[in-house]
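The values are calculated or read from the model by the stated rules, or taken from the named source; none is laboratory data. This one's a predicted model, so the numbers in the text were calculated from it and none came from an experiment. Here Cβ is always computed from backbone atoms with ideal geometry, including for glycine, and neighbour counts include all displayed protein chains. Accessible surface is based on the protein model in full, side chains and every heavy atom, while ligands, DNA and RNA are left aside. Shrake-Rupley method; radii C 1.70, N 1.55, O 1.52, S 1.80 Å.
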Amino acid sequence: MELKSRIPSGPIEQRWERHRFEMKLVNPANKRKYNIIVVGSGLAGASASASLAELGYNVKCFCFQDSPRRAHSIAAQGGINAAKNYQNDGDSIYRLFYDTVKGGDFRARESNVYRLAQISLNIIDQCVAQGVPFAREYGGTLTNRSFGGAQVSRTFYARGQTGQQLLLGAYQALLRQVGAGNVKMFSRTEMLDLIVIDGKARGIVTRNLITGKIDLHLADAVVLGTGGYGNVFYLSTNAKGSNCTAIWRAYKRGAAFGNPCFTQIHPTCIPVTGDYQSKLTLMSESLRNDGRIWVPKKRGDTRPPHQIPEEERDYYLERKYPSFGNLVPRDVASRNAKAVCDEGRGVGSELGVYLDFADAIRRWGKQSIRERYGNLFDMYERIAGENPYEVPMRIYPAIHYTMGGLWVDYNLMTTIPGLYAIGEANFSDHGANRLGASALMQGLADGYFILPYTIGDYLASTKLETVDASHSAVRDAETGVARQTNRLLEIRGKRTAASFHRELGRLLWDECGMSRNKPGLKKALQRIPELREEFWKNVNVLGSGEELNQALENAGRVADFLEFGGLMCLDALHRNESCGGHFREEHQTPDGEALRDDTHFSYVAAWEYAGPGKAPALNKEPLIFEYVHPAQRSYK
Amino acid sequence: MKLTLHIWRQKNPNHVGRMVLYEHNKVNRHMSFLEMLDVLNEELIAKGEDPIAFDHDCREGICGSCGFMINGVAHGPQRGTTVCQLHMRHFKDGDVLYLEPWRARAFPVVKDLVVDRSAFDRIITSGGFISVPTGNAPDGNAIPVPKRNADLAMDAATCIGCGACVAACPNAAAALFTGAKITHLGLLPQGQPERYQRVLNLVVQVKQELFGSCTNIGECEAVCPKEIKLEVIARMNRDYLRASWTRRGDALRNEE
Ligand SMILES: Cc1cc2nc3c(=O)[nH]c(=O)nc-3n(C[C@H](O)[C@H](O)[C@H](O)COP(=O)(O)OP(=O)(O)OC[C@H]3O[C@@H](n4cnc5c(N)ncnc54)[C@H](O)[C@@H]3O)c2cc1C
Ligand code: FES
């Protein structure tokens, strides 16, 4: 497989501009004649559907929730970055570009990241015009905060509900186009396969989740904005329904999968309390601005926190990283929390560390802390049943985001012509580690401002034969989906899909989570196929396929996770270096920091499906750094 | 702890539903309400019985997917909390709970505790937006917005569209939901050009969806997980009245 990245040449500041000029345009009168399928109604899918429809294309948009407004993007809390420099603190497009490339530990494409930083300005303008109620100063201008250790204040936010407000903006734009008849919305509809004809993406097979009906949708191009695969770990901060089915089926139809092992762990989540736990809840990173992280110095110290005197506490981040302290990047904070818990110094159910606000409350007063974090403290109390104004919070890292995804070129097209991937579903801009408040930016950049141009270039320059439902590839995909559904229903074994999912998640968390090593990954690679085999013999899915059957939906998703987990471990095993969220224990500096190997691994790993039971092929896209020169990250 | 649960089971919209009794004795006080149901469902599956269907996704109180009545109260006893965020420590050993789906003509039952809330999407489709195609926006700071207005708009915009307001209302009215959107957009300068047309369009759509009329009872405010205030209904009514006069022609045309 040849990976054509289609990165324009010339000075980086002018690349996107020039590229836009060089792309072919579809005649406005002809746009109506093109049908585009968008799977997903999150920030990426909703913004893309609305913008494509405004241009005049015929759009069909799909989501599995009962309304497009409920896509997982709704849960994002902290904010969205943009290089507006409204605070006059020295921010610029170049600085956002620089921070993102460095934060991604030099595993992202420079040209994409630069374009993202440029477009960040337009995103804020568009969202404000739609009525997104961003936080404001008394003078009426937009306000910003600094986020995730950034040295400038470039994060725009709407209380702790930024994702909700941005998504509602995009959702309203989408429904405006539904009302105008330019978009047909299919809620409670799940894509279960991709239709590829003559090497081009030409449609999808879906299941109506209410009636169980399997349907075909043919089109001239297909866009996947189906989100990340963090739920492969079972417990994550993602919504329960988030899954990898759409991108996994696309992979099996020939789309290369980029850097599947690049997953992000968020350091501040509420710890697990029991086996019944169904998901993990994020506590915004902003808490680290005022909270101090510590554990007891002694192992197995079970005294309640207020009985542990100051000199018997270990503020380990402040001790190890005097200049960044509690504000070190996500991956560093997470690994250190795991390390102290592995030493037996964890608190609560042993997998937790304290995030203590006592000093901040003493210094600023309870009222001031309430103003800053009131809603987060309330949420913590609702879930943990403890009052964080009185007792320190207990936190622990959790899977939060996946940088890997379908490989895409500069136009966001996958290796299957006519198939695009946008938002968290693609691998593109965050390298090996994503900075806070950059996912919302990327999803909206892709959907509002990049895809609407690049898809036109493809349509205008490609000859697309008319296809109909009688084509053998279409029949094939349709029967494949029906067969899988029936198979799942016929097994009637002894274990629920959820129990397989929990077991897979536990295995991946142990062997392919916060830190990874060769023997562990090999063990996982051996165990996963066994688990998969047992699943197909022993899973128990009741009911029928012709009704709302949530257990069946879930079983299909778990089946795909059981396949995908293997690819993730394979990628982690092959990447014999540590970078960003991928920490290989064999590759660390003497004081335990990630050790990159730029000589051998400065590339994107794009895995190509080779057929059932065959090892996937590895393709490499070399990464070239012309502007930001690779250096070891240091937060000491 | 142990619970006695009476849960509404209904196979599909065409079947008649009924309450079914379940004794649940694996309840842990740290579980969320939905985790308690997950555990029950795993047991049902093990026994070969159809698990209970309920909508959920984020389990963080923000997507608006979850929601049913617990002992006649939408989202259960804790104020300002969706059922996914409600924890079992608020219940006692031996409690008897009745779980029922949202009841409203505009929200037909799909299965068990799942209802069809697509009427809400159609209300927004009828005009719950600001018409600004991508690329048309001026600089974000070009139009200052008084902080107070931005804050009040945010209070209204925080609606998660769960439908608890409709379920709690004896008239099954959608006034809190609709008022929240009208208030959010109507308080912002960007929302002014379409302000009066918007309220006319939305109110007509609400009627077409067979929601009831608001008679200012206030049950909606009491159960709203985002604590949206009745004030949004007053703002909607005021805008509607004004629109009915200044745009009489449009209003009449819309009524038809
Ligand atoms: C708790 C939390 C907080 C976060 N906070 C921030 C933050 O402050 N700032 C930031 O920048 N980022 C944040 N993120 C990350 C960010 O929210 C996500 O990366 C981003 O929203 C993903 O958007 P998306 O459009 O790509 O996908 P999603 O929003 O996940 O949407 C996926 C869509 O695809 C649909 N779909 C999926 N599969 C199928 C299928 N097979 N068939 C049909 N439809 C399908 C779904 O229905 C849904 O509509 C946060 C993430 C989490 C979990
Ligand atoms: S599941 Fe999202 S609000 Fe309850």
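Collect the residues in the range A:121-136 that are more than 7 Å from chain B (Cβ to nearest Cβ) and farther than 23 Å from B:Ala180 by Cβ, keeping them in residue-number order.
Passing the criteria: A:Leu121, A:Asn122, A:Ile123.
Can you spot a residue in the range A:285-295 that is in contact (Cβ under 8 Å) with a residue 60 or more places away in the chain, more than 16 Å from ligand 2 (Cβ to nearest atom) and within 25 Å of A:Arg506 (Cβ to Cβ)?
no
When you go through A:Lys298, A:Lys279, A:Lys338, A:Lys320 one by one, which is the residue that is among the charged types (D, E, K, R) and under 20 Å from A:Ala384 (Cα atoms)?
The unique qualifying residue is A:Lys279.
Does A:His19 count as within 13 Å of another protein chain (Cβ to nearest Cβ) and either crowded, with 16+ Cβ neighbours inside 10 Å or over 20 Å from the mean Cα position of the chain (by Cα) (or both)?
Considered against the rule, which asks whether it is within 13 Å of another protein chain (Cβ to nearest Cβ) and either crowded, with 16+ Cβ neighbours inside 10 Å or over 20 Å from the mean Cα position of the chain (by Cα) (or both), A:His19 comes out as no.
Does any residue of the range A:137-154 turn out to be open to solvent by 40 Å² or more (accessible area, probe 1.4 Å), under 30 Å from A:Val628 (Cα atoms) and within 8 Å of another protein chain (Cβ to nearest Cβ)?
no
Is there a residue in the range A:292-307 that is surrounded by fewer than 24 Cβ atoms within 10 Å (Cβ to Cβ) and closer than 30 Å to A:Gln161 by Cα?
Yes, the range A:292-307 contains a residue that is surrounded by fewer than 24 Cβ atoms within 10 Å (Cβ to Cβ) and closer than 30 Å to A:Gln161 by Cα.
Under the condition of being farther than 24 Å from A:Leu280 by Cβ and among the β-branched types (Val, Ile, Thr), which residue from the range B:15-44 is most open to solvent (accessible area, probe 1.4 Å)?
The residue in question is B:Val16.
Part of a strand (DSSP E or B) and away from chain B (no Cβ under 14 Å) - does that describe any residue in the range A:369-388?
no
Can you go through B:Ala153, B:Ala174 and tell me which one is free of Cβ contacts under 8 Å to residues at least 60 places away in the same chain, of a type in the set (Gly, Ala, Ser) and more than 16 Å from ligand 2 (Cβ to nearest atom)?
Result of the check over B:Ala153, B:Ala174: B:Ala153.
B:Pro170 versus (1) within 11 Å of another protein chain (Cβ to nearest Cβ); (2) open to solvent by 10 Å² or more (accessible area, probe 1.4 Å): which is the lone unmet condition?
Only one criterion is unmet by B:Pro170, namely (1).
Among the residues of the range A:53-110, which ones are among the basic types (Lys, Arg) and either more than 21 Å from the chain's Cα centre (by Cα) or more than 30 Å from A:Leu623 (Cβ to Cβ) (or both)?
A:Lys60, A:Arg69, A:Arg70, A:Lys84, A:Arg95
Just to verify a result, which residue in the range B:235-249, among those that are surrounded by fewer than 14 Cβ atoms within 10 Å (Cβ to Cβ) and either touching a residue at least 24 places away in the same chain (Cβ under 8 Å) or not assigned by TED's automatic domain parsing to the domain that holds B:Gly179 (or both), is nearest to the chain's Cα centre (by Cα)?
By that ranking, first place goes to B:Arg242.
Going by what's in this entry, would A:Ala239 be described as of a type in the set (Gly, Ala, Ser), touching a residue at least 24 places away in the same chain (Cβ under 8 Å) and under 25 Å from B:Ser65 (Cα atoms)?
When the stated conditions are applied, A:Ala239 passes them.
Restricting to the range A:438-463, give me the number of residues that are within 16 Å of ligand 1 (Cβ to nearest atom) and of a type in the set (Ser, Thr, Tyr).
2
I'd like to know if the range A:219-233 contains one or more residues that are in contact (Cβ under 8 Å) with a residue 12 or more places away in the chain, within 11 Å of chain B (Cβ to nearest Cβ) and more than 16 Å from ligand 2 (Cβ to nearest atom).
No - not one qualifying residue is present in the range A:219-233.
When A:Phe500 is evaluated against the numbered criteria (1) within 14 Å of chain B (Cβ to nearest Cβ); (2) open to solvent by 20 Å² or more (accessible area, probe 1.4 Å), which criterion, by number, is the only one it fails?
(2)
I need the full set of residues from the range B:1-14 which are more than 10 Å from chain A (Cβ to nearest Cβ), open to solvent by 60 Å² or more (accessible area, probe 1.4 Å) and of a type in the set (D, E, K, R), in order please.
B:Lys2
Kindly evaluate A:Asn81 against the criterion of being away from ligand 1 (no atom under 13 Å from the Cβ) and outside the structural domain of A:Leu376 (by TED's automatic domain parsing).
Taking the combined requirement at face value, the residue does not satisfy it.
Go through the range A:389-402 residue by residue and tally those that are within 19 Å of B:Met31 (Cα to Cα) and open to solvent by less than 40 Å² (accessible area, probe 1.4 Å).
Total meeting the criteria: 4.
Count, please, the residues in the range B:51-103 that happen to be more than 9 Å from ligand 2 (Cβ to nearest atom), free of Cβ contacts under 8 Å to residues at least 24 places away in the same chain and within 7 Å of another protein chain (Cβ to nearest Cβ).
The number of residues fulfilling the criteria is 1.
Kindly establish whether B:Gly72 is under 15 Å from the mean Cα position of the chain (by Cα), of a type outside the set (A, V, I, L, M, F, W, C), open to solvent by less than 60 Å² (accessible area, probe 1.4 Å) and more than 19 Å from A:Leu548 (Cα to Cα).
no
Select from the range A:232-272 the residues that are crowded, with 24+ Cβ neighbours inside 10 Å, β-branched (Val, Ile, Thr) and within 13 Å of ligand 1 (Cβ to nearest atom) and list them in ascending order.
A:Thr237, A:Ile247, A:Thr263, A:Ile265, A:Thr268 - these are the residues of the range A:232-272 that are crowded, with 24+ Cβ neighbours inside 10 Å, β-branched (Val, Ile, Thr) and within 13 Å of ligand 1 (Cβ to nearest atom).
Condition first: away from every other protein chain (no Cβ under 11 Å), hydroxyl-bearing (Ser, Thr, Tyr) and either open to solvent by 10 Å² or more (accessible area, probe 1.4 Å) or out of contact with any Ser or Thr (no Cβ under 7 Å at 6 or more places or on another chain) (or both). Can you find one or more residues in the range B:113-130 that meet it?
No: the range B:113-130 contains no residue that is away from every other protein chain (no Cβ under 11 Å), hydroxyl-bearing (Ser, Thr, Tyr) and either open to solvent by 10 Å² or more (accessible area, probe 1.4 Å) or out of contact with any Ser or Thr (no Cβ under 7 Å at 6 or more places or on another chain) (or both).
Could you please give the count of residues in the range B:80-94 that are over 11 Å from A:Met379 (Cα atoms) and either aromatic (Phe, Trp, Tyr) or within 16 Å of ligand 1 (Cβ to nearest atom) (or both)?
Residues in the range B:80-94 being over 11 Å from A:Met379 (Cα atoms) and either aromatic (Phe, Trp, Tyr) or within 16 Å of ligand 1 (Cβ to nearest atom) (or both): 3 in total.
Can you pull out every residue in the range B:37-50 that is more than 8 Å from chain A (Cβ to nearest Cβ) and of a type in the set (A, V, I, L, M)?
Within the range B:37-50, B:Leu37, B:Leu40, B:Leu44 meet the criteria.
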